[in-house]
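Some notes on the structure that comes next.
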Amino acid sequence: MTSAALLAGCALPQRGPSPLLYDFGVRPSSGTATATAAALPALAITAQATPALDGNAMLYRLAYANEQQLRAYTQARWAMSPAELVQQRLREGLSGQFTVLRPGEDAQRVLQLELEEFSQVFDAADKSSGLLRLRATVRQRLPSGERMMAQRTVVVKRPAPSADAAGGVRALSAATDATVDELAQWLRQWR
């Protein structure tokens, strides 16, 4: 009876390797919070994404074949949704310049992010880049409600060091860091 159970166990399909999980790693410290952070209004950050970016799939496009088709890597996943990754990185990057609060806390200003594109784009089989596109809206909280102060679209593309998921992660991480820097500069003008 035992040998029959062992033989039946051998006939069971083998599971493949689990997908690799990626995030952006640790952002290099830009120093500690400065006196400027206290002088600027407190800021809450919220992020959402288009439905295609709701999950944790790592997406890519083959621009040389069909750039309108989003594809997902089968053996690579984000550790959290792209909107959560970008929001986390933005909180880390802005906290040295602004007092960054969580959504729902009493912030005078809210930075709303709408992530529209977050993919690795292949221009050729061996050449790709990370593409990030988002719309950022700054809202002022007033006793009478919220008022939109400003809105802009940010598009950042960074080359990938390799034509695979790991290269896409590095490219999208660099694109996100560049986006953080661009948004920080933009937000400083709204004192």
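The values are calculated or read from the model by the stated rules, or taken from the named source; none is laboratory data. Worth saying up front: this structure is predicted, and the values here are computed from it rather than measured. Note: areas computed on protein heavy atoms with side chains; ligands, DNA, RNA excluded. Shrake-Rupley method; radii C 1.70, N 1.55, O 1.52, S 1.80 Å.
Some notes on this structure:
- Dividing the convex hull volume of the alpha-carbon atoms in the stretch 123-183 by its residue count gives 82 Å³ per residue.
- For the stretch 100-151, the relative contact order works out to 33 percent when only alpha carbon pairs closer than 8 Å and six or more residues apart are counted.
- Normalised by the number of residues in the stretch 102-191, the average gap of Cα pairs under 8 Å and 6 or more apart makes the relative contact order 25 percent.
- The stretch 34-104: radius of gyration and largest Cα-Cα distance (Dmax), Å: 16.6, 51
- Counting only heavy atoms of the protein chains and using a 1.4 Å probe, Val138 has close to 0 Å² of accessible surface.
- Taking only the Cα atoms of the stretch 78-191, the radius of gyration and Dmax are 15.6, 55 Å.
- When the stretch 70-140 is reduced to its Cα atoms, the Kirkwood hydrodynamic radius in Å: 14.5
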